[in-house]
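Quick one: the structure is below, questions incoming.
Read-outs throughout are calculated quantities, based only on the coordinates presented, and are distinct from any laboratory measurement. For clarity, every value in this text was computed on a predicted model and none was experimentally measured. Neighbour counts run over all protein chains shown; Cβ positions are idealised from the backbone, glycine included.
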Amino acid sequence: MSIKAKKYVTTIIKYMDILTILLLSAVLVLFFINRNPKFLSTSNLTNIVQQNAALIIVSVGTTFVVISGNMDLSSGSLIVLTACMTGVVFRATGNIWLGMITCIGVAMLISTMNAALIAYGKINAVIITLSCMIWARGLALGITGSKSIPVPSTVLQRIYQPFWGSFFNITFILVVLCMGTGWFLLNRTKFGRYTKAIGENEITAQLAGVNTKLVKFGIFAFAGLLTGIASLVDLSRLGSAVAMIGYGMEMNAVVAVVIGGNKLSGGEGSFAKTLCGLLFMCLLSNGLATLNLMDSQVYLLKGMIILIALAIQRGSNLIRLRWLRVLNEKD
Amino acid sequence: MTTIRTSAETNKEERFKGVVETLGIFLVAVVLFVLFSLLTSRFSSQNNLFNIIKQVSIVAILSIGMSCVFLIGGMDLSMGSNMFLSAVLLASLLEMGANVYIAMLVCVIACVVTGTLNGIIIERLHINCVIVTLGSQLAIRGLALVLIERFNSWIYVKNPVTRYINTGKLAFGLPTLFFVIIVLYTVVGLLLYRTNFGKQIYAVGGNPRAAALCGFNNARIKTLCYTISGIAAALAGIIAACRLGMVNPSVGSGYEFDAVTAVVLGGMSLKGGEGSVFKTLIGALIVAMISNFMTLYGVDANFKDCATGLFILLAVLFNRFTQQHST
Amino acid sequence: MKPILEMRNISKRFTGVQALLDVDLQLFAGEIHSIIGQNGAGKSTLMKILSGTYTADSGVIYINGKQVQISSTADSAKLGIGIVYQELSLLNNLTVAENIFLGREIVNGVQLDNAKMSDMARKSLLELGIENIDVDQNVEVFSLAKRQLIEIAKVISIYPRILILDEPTAALTNEDTRRLFNILFKLKEQGICIVFISHRLAEIKKYCDSGTILMNGRVTANVRMNEVNELQIIEYMLEDNFNTFHRKWRTKQHKKQPLLELSDIYLHNQVNYVSCEIFPGEITGFTGLLGAGQDILWRIVYGAQRKDSGEIRINGKRVRITCPSDAVQFGIGLLTENRKEEGLFPEMTCQDNIALPSLKHFRIRKYTPLLHNRRIRNSCNDLAKRLSIKMRSLSAKVKLLSGGNQQKIIVSRWLMKDLDILVFIEPTRGVDVGAKTEIYRILESLASQGKAIVVISTDTTEILQLSDRIYIMVDGKISTTLNEPTDEETLARLIQGNPEKKVIA
């Protein structure tokens, strides 16, 4: 094999996970465009980004959590809890700024509590965030009595209202900002580097002088902050704190991150992969919604497509690893 | 130096240690029972105790499956959906006039299939169990919903056998469900502690590499644990349908978390290879008592969820605390 | 000249084993000093005391004449001691530069100064004379030899005064070793003291300036390399009289059928077309330097490691072994050196640990899945008595036993299964002296009962004491087959791989 061809092959193998998920997304697009010619219209694409803004923001935090080899199942419930808290505070005081501070504050408080238990209490992250997922949703629905609380605040609405063209709003800015911050933190700061190090091998990282507990704490606290922002974004879009807000968010976020090719066992990961995973998940949700199916059929299809995509991604990863080994052996 | 002391003497010693370990969670159960009885007089009435037994039955049976999966270091979050699928199948088959026993058999077979599929995806493809079962949770619930929508999302379960399972009394004036739990836990206890397969489950969960070098087929053993989890979910679904007398789309949702609570309360960790299924039963009893007490006390259903979540947290902290002391 | 580092009267005791006794060590700047000794002589314990992983029970350490306390790895780093570990401590998912600067990144405000770090990493690699390593590539793409160099660069970049290398050449080819030493010579010229640990005497003789030889936790000699030859070093390494257990070299019964035959077993870069025969009633020893392929060969036979080609025959019939359960079916049992990770089920009872693979023979009735507990306990008790396993009871957790007893538990596991071929990788590692002899006796008696025993060990004394026939492996090949007893010096020399291939018969 010539050097040029080899370089070409190596690059393809290196990015095979991303290519796989992009290919799967393309299949989805082809399918949905067949059913609904307007699927790729600008308005629908805008719609996809706006509707999934909260998911994208949450996924930024989840990416960090997954790269560090952990899992966070609490984000969806934290969103509904903080949204309801905001609603309650606004109803009581009429001050939306107070409500927004509550929103972010509560999200950060609870997630730092989780973070402390995980990092300093050395308890499995799955169990801790699973319990949080259950109690936070229960608490949210309890304090609101399962009724929706309208939050008619112009300040809050401004987050969602476009102020330039039909697309450009604060939500969009927040999405870009969160993504950018996440990318910067992961690739350009000590925090991000230590996150990768912990995910690969916590003990080695510790031996190299990394304060692994503090980094873990920081990761979950950061995820909490993002969850708070996502909550505000969704609250602004829906106009009221409803029970279904943030439902299944944690699962969508983790699945998006993993389906994009980030390793759930930690160490490997990038925002490019997360973005591709998000693309797939957003296309899937939106596409299924445009098919005018019953809820049940959406559940069934979504679950099965996710499982199949996970299996395909896994298979392509196995092939990728084998090829990498072959290439390395030749050296 | 004597190589082995008389086995009777040492066995007693070991058993005593085991009893002390079990006592921790048992004490919690007793304290809660006394506390609840003092708070509401209705709690300890015979009627309510029977009620608790009936209520615990679903979680207790689910916990059997969850225990097996925890023992191999996994987790099955699709149990609630599996349970729903089983309940829907039973109700719709009865509605269509099928024999009740055949209907139950179909339920079990369906969940064996879904459970085994979970296991195959997790163990043969090596994908994380949480992700897979979250995905299959969605898919299975969707499947069952498609089915129940044929019946306008609400099916009554009216059958002498199902009624007997709910209200019947088999012997000594105790509810049938009491005996169902006893029988199932005896079976799973024998399976785990008195058969080759049970020992292999503990071995594979405790040290997978050593198990593979012993010549065990790790993937098959682990997959079978997910099958057991499917069977447990099927049985729980059947009992749920009998207890409620109807099936609607909310059946079984969130029940997997109750099972996780019971298992974690019973002292199992996500590492696998450790723990006792009988402690899980006590864990399930605690979950049922708390839920029953809150209903009696008039607590909103949503706050009950909240309490479940907090209770998992407490259980984990409790375990962590006691484990640190024991080693 | 004054020593840069001096250790005086260092002693360390682990439960039941005196690892080090009154060890003195002097290191001088600008020297390559080697620590020589057999497995278990105390080399790594000594280095772990220097690195702060262990603390000595008694003894003092001076650096530049000042007494110092080393109680953690951070302490030793502060004192200028850098260690390149046997298991590499690089993170595969990070680039070379990122690895070199992990934990002490250069920042520009909050932002990492990647360009500067890459530059410095490149420079420090160049200083070492290492070329063609792209510092912006992930570590995982590099070969083991290159990773070794990266690891050294990482340690060097904190400017240590003393650099310790623990078995750096075990996995390297001769060419790579030569390059490694070219780098070490450069460091030596800069006045860094280098401590080199290796089993390969040829390398030590060729490249090192001085050496300290350890035997059973004691220093037997301090040598200058230009004053001694390899044979003298071997003499210092070996015990004068190893009469604790001495095995009669059995007279061969001729015309015996081999039980197990291997032919042309091959695995890329690891095992090079190995053929051999294993006879029942004999103990066959496999020895070689660390990484010569003897343990991988037997993992292949057991199905725990895939092979590229080769054939396995049992009783003359060709068999396919693709996983350990196949091997067990054909009557092969393997005991590895990692008892904790690959042998024991620490949370389970002794009885379960013994009986696990044979449980299906203890059913109450043929088609009943339930097990007959009393029968299991009885036969476990029998085995425990036979091997004199010391335990509180059969229902005690196995993690509470000592190393020797744990090893016996695993032996009894395969005895209960009644296998014909038992393969022991390093059967006495981490086992105290008393239990060692006991395990030897067990192996001996098993062989006399007609089982085929294979012992794989890097400990030449052990191999000589036990074996009826010895295969010596060098670089993945069987270099020599010994059918008759020999003395330890010859064996030690053969393992080093210098003499021409021959069969002493």
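Over what distance in Å are the Cα centres of the stretch C:447-500 and the stretch A:51-91 separated?
63
Taking the stretch C:5-238, how many lysine pairs are there with alpha carbons less than 18 Å apart, if each pair must be eight or more places apart or span two chains?
17
In a shell of Cβ-Cβ distance under 11 Å around C:LEU79, excluding C:LEU79 itself, what net charge do Lys and Arg (+1) and Asp and Glu (-1) give?
Result for the neighbourhood of C:LEU79: +2.
Each residue of the stretch C:463-470 in order: what ³J(HN,Hα) in whole Hz does its phi give by Karplus 6.51 cos²θ - 1.76 cosθ + 1.60, θ = phi - 60°, with x for Gly and Pro?
4, 5, 5, 9, 7, 8, 8, 10
Another one. Order of C:SER76, B:SER276 from fewest to most other C-beta atoms within 10 Å? Provide the component values of the computation, followed by the final result.
Details: C:SER76 23, B:SER276 20.
Sorted ascending by nearby Cβ count, the order is B:SER276, C:SER76.
Now, a different point. With the crude spin-label approximation of a point 7 Å out along Cα→Cβ, what separation in nm comes out for A:TYR15 versus A:GLN157?
4.4
Cut-off under 16 Å on the C-alpha distance; same-chain residues fewer than 8 positions from A:LYS273 excluded. Which aspartates and glutamates are left, in chain and number order?
A:ASP17
List the lysines whose Cα lies under 20 Å from the Cα of C:LYS477, skipping any in the same chain that are fewer than 8 positions away.
Excluding near neighbours in sequence, the set is C:LYS307, C:LYS501, C:LYS502.
Relative contact order (percent) for the stretch B:165-289, with alpha-carbon contacts under 8 angstrom and 6 or more residues of separation?
22
Also, I was wondering about something else. I need the Kirkwood Rh of the stretch C:348-457: take the reciprocal of the average 1/r across all distinct C-alpha pairs and report it in angstrom. Mind dumping the intermediate values first?
Details: mean 1/r = 0.0687 Å⁻¹.
Here the Kirkwood hydrodynamic radius works out to 14.6 Å.
Next question, about the same structure. Could you put C:THR480, B:THR261 in order, starting from the residue whose Cβ has the fewest other Cβ atoms within 10 Å?
Fewest to most other Cβ atoms nearby, the residues stand as C:THR480, B:THR261.
Checking the a/c ratio against 1.5 first, then a/b against b/c, what shape does the Cα gyration tensor give for the stretch A:3-330?
Taking the square roots of the gyration eigenvalues as a ≥ b ≥ c, the stretch A:3-330 is oblate.
Here's a follow-up. Expressed as a rounded percentage, what relative contact order does the stretch C:260-504 have, with Cα pairs under 8 Å and six or more residues apart?
RCO, the stretch C:260-504: 29 percent.
Could you give the distance between the Cα centres of the stretch B:238-312 and the stretch A:181-208, to the whole Å?
38
Sticking with this one: Could you work out [θ]222 nm for chain C from helices alone, using -39500 (n - 2.57) per DSSP H run of at least four and dividing by all its residues? Round to the nearest 500 deg cm²/dmol.
Counting only the DSSP helices, I get -9500 deg cm²/dmol.
Another one. Testing the spin-label approximation: label points 7 Å from Cα along Cα→Cβ at C:ASN108 and B:VAL30. State their distance in nm.
That separation, rounded to one decimal, is 6.9 nm.
Cα to Cα, under 14 Å, and not fewer than 8 places away if on the same chain: which aspartates and glutamates meet these conditions relative to A:LYS216?
A:ASP72, A:GLU200, A:GLU202
While we're here: Give me the percent relative contact order of chain C, please, defined on Cα pairs under 8 angstrom at least 6 residues apart. Don't skip to the end; give the middle numbers.
Values: 956 pairs, mean separation 75.0, N = 505.
RCO, chain C: 15 percent.
Among B:THR280, B:THR40, C:THR322, which comes first, second and so on when ranked by fewest other beta-carbon atoms within 10 Å?
In increasing order of surrounding Cβ atoms, one gets C:THR322, B:THR40, B:THR280.
Then there is this: Check which residues have an amide H placed less than 5 Å from C:ALA221's amide H, if you skip close sequence neighbours.
Amide H neighbours of C:ALA221, under 5 Å, 5+ apart: C:ILE213.
Say R0 is 60 Å: what FRET efficiency, to the nearest 0.05, do C:ARG218 and B:THR186 get from their beta-carbon distance?
Approximately 0.45, to the nearest 0.05.
Moving on to the next point. First measure r as the distance between the Cβ atoms of C:ALA202 and A:ILE203, then evaluate 1/(1 + (r/R0)^6) with R0 = 30 Å and state the FRET efficiency to the nearest 0.05.
0.30
Before rounding to the nearest 500, sum -39500 (n - 2.57) across all DSSP H runs of length at least 4 in chain A and divide by the residue total; then give [θ] at 222 nm in deg cm²/dmol.
Helices in chain A give a 222 nm mean residue ellipticity of -25500 deg cm²/dmol.
What's the FRET efficiency of B:LEU317 with C:GLU484 using the Cβ-Cβ distance as r and R₀ = 51 Å, to the nearest 0.05?
It comes to 0.15.
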